[in-house]
Amino acid sequence: MENVLHLYDLPYDPLRPVVCVDERPCFLIGDVLTPLPMEAGKTKRVHYEYEKNGSCTVFMAVEPLTGKRWVQVYKQRTGKEYALFMEYLAEQFKQAKKIIVVQDNLGTHTTASFYAHLKPNVALKLMIGYEFHFTPVKSSWLNMAEIELSALSRQCLNRRIKHQSDLEREVKTWAKERNKRCVKINWQFSIKSARTKFADKYPKTTS
């Protein structure tokens, strides 16, 4: 926990940017009946029935100190998609000597995914270019990307979207708008506050 919190407290360094990465599944939902046209002063009305149209996954990366985020939508959530997203993310930081990544302990979040799905020279370049830091087990809330995914869910994905192409367009438009405004996360949980809140988890010493 303190390792992650220490990273969040570091000053901005474009050569060693700190980026939080996470993903979430999205269900594609369509209407069975055409919704009634919207009217001024009335809430939008839709029929309670809906149809499932499969699912997809949104991958999110957020750089807390700059207020930038990057999103990609894939059909699945396997090591292949993770490798492709990390390859895409590396392209956004060509000037960096090392990209510091905060992520959870999902089984696909390893350099093995690079070698399983990318050419060896590409996998090696990514492995060297990234420095991974993992949130503790059952403590993925320490990953700021979860906060950004929550905002995405409330502001963009809180309605029925039937097709992956439509969802991808909406998600990228949402990210572009937030990037334009440089929306940052107001993170207030520090090492000091952690030692107070979880004082009973630390050893009792006299020194």
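About the Cα centre of the chain, how large is the charge dipole given +1 on each Lys and Arg Cβ and -1 on each Asp and Glu Cβ? Please answer in debye to the nearest 20. If you can, show how the numbers build up before the last one.
Details: 33 positive and 22 negative charges, 65 e Å.
So the magnitude is around 320 debye.
Highest GNM mean-square fluctuation among Lys94, Lys42, Lys197, for the chain modelled with Cα contacts below 10 Å: Lys42. Within the same chain, lysines fewer than 8 places from Lys75 are excluded, and of the rest, those with a Cα less than 21 Å from its Cα are Lys52, Lys162, Lys172. Computed extension gain for Asn105 through Asn186, at 0.36 nm per residue and net of the alpha carbon distance, reaches 26.7 nm.
Using all pairs of distinct alpha-carbon atoms, the Kirkwood hydrodynamic radius of segment 124-189 works out to 14.5 angstrom. Take the chain with all the other protein chains still there, run a 1.4 Å probe, and you get 60 Å² of accessible area per residue. As a fraction of the 1.4 Å probe accessible area of the chain, surface on carbon and sulfur atoms comes out at 55 percent.
Pull out a ≥ b ≥ c, the square roots of the eigenvalues of the alpha-carbon gyration tensor of segment 114-160, then state rounded if a/c is under 1.5, prolate if not and a/b is larger than b/c, and oblate in the remaining case. Because a/c hits 1.5 or more and a/b fails to exceed b/c, segment 114-160 counts as oblate.
Straight-line cross-link reach from Lys138 at under 18 Å between alpha-carbon atoms covers these lysines, not counting any fewer than eight positions away in the same chain: Lys197, Lys201. Here the dipole of segment 63-178 is about 240 debye; that uses its Cα centre as origin and unit charges on the Cβ of Lys and Arg (positive) and Asp and Glu (negative). Taking 20 Å as the straight-line reach from the Cα of Lys119, the lysines in range (excluding those fewer than 8 positions away in the same chain) are Lys80, Lys94. Along its first, second and third principal axes, ordered by size, the chain spans 69, 45, 31 Å in Cα coordinates.
Using a/c under 1.5 as the rounded threshold, could you call segment 66-185 rounded, prolate or oblate? The axes a ≥ b ≥ c are square roots of the C-alpha gyration tensor eigenvalues, and prolate needs a/b larger than b/c, oblate otherwise.
Details: a/c = 1.56, a/b = 1.44, b/c = 1.08.
Judged from the Cα gyration tensor, segment 66-185 comes out prolate (a/c at least 1.5, a/b above b/c).
Would you mind counting up the charge near Ser55? Only other residues with Cβ under 10 Å from its Cβ, with Lys and Arg at +1 and Asp and Glu at -1. Intermediate results must be reported in sequence, preceding the final value.
Values: positive: Lys52, Lys75, Arg77; negative: none.
For residues surrounding Ser55, the net value is +3.
Can you show me the helix-derived [θ] at 222 nm for the chain, built from DSSP H runs with n ≥ 4 at -39,500 (n - 2.57) apiece and divided by the number of residues, rounded to the nearest 500.
Numbers: 7 runs with 73 residues, N = 207.
Value at 222 nm, helices only: -10500 deg cm²/dmol.
Using the Cα centre of the chain as origin and beta-carbon charges of +1 (Lys, Arg) and -1 (Asp, Glu), tell me which of Met1, Phe27, Ser55 is placed farthest towards the positive end of the dipole. Going by the charge dipole, the pick is Met1.
The values are calculated or read from the model by the stated rules, or taken from the named source; none is laboratory data. Everything numeric here is computed off the predicted structure, so don't read it as measured data. Every residue, glycine among them, receives a Cβ derived from its backbone with ideal geometry; neighbour counts consider all protein chains shown. Heavy atoms of the whole protein, side chains included, go into the accessibility calculation; ligands, DNA and RNA do not. Shrake-Rupley method; radii C 1.70, N 1.55, O 1.52, S 1.80 Å.
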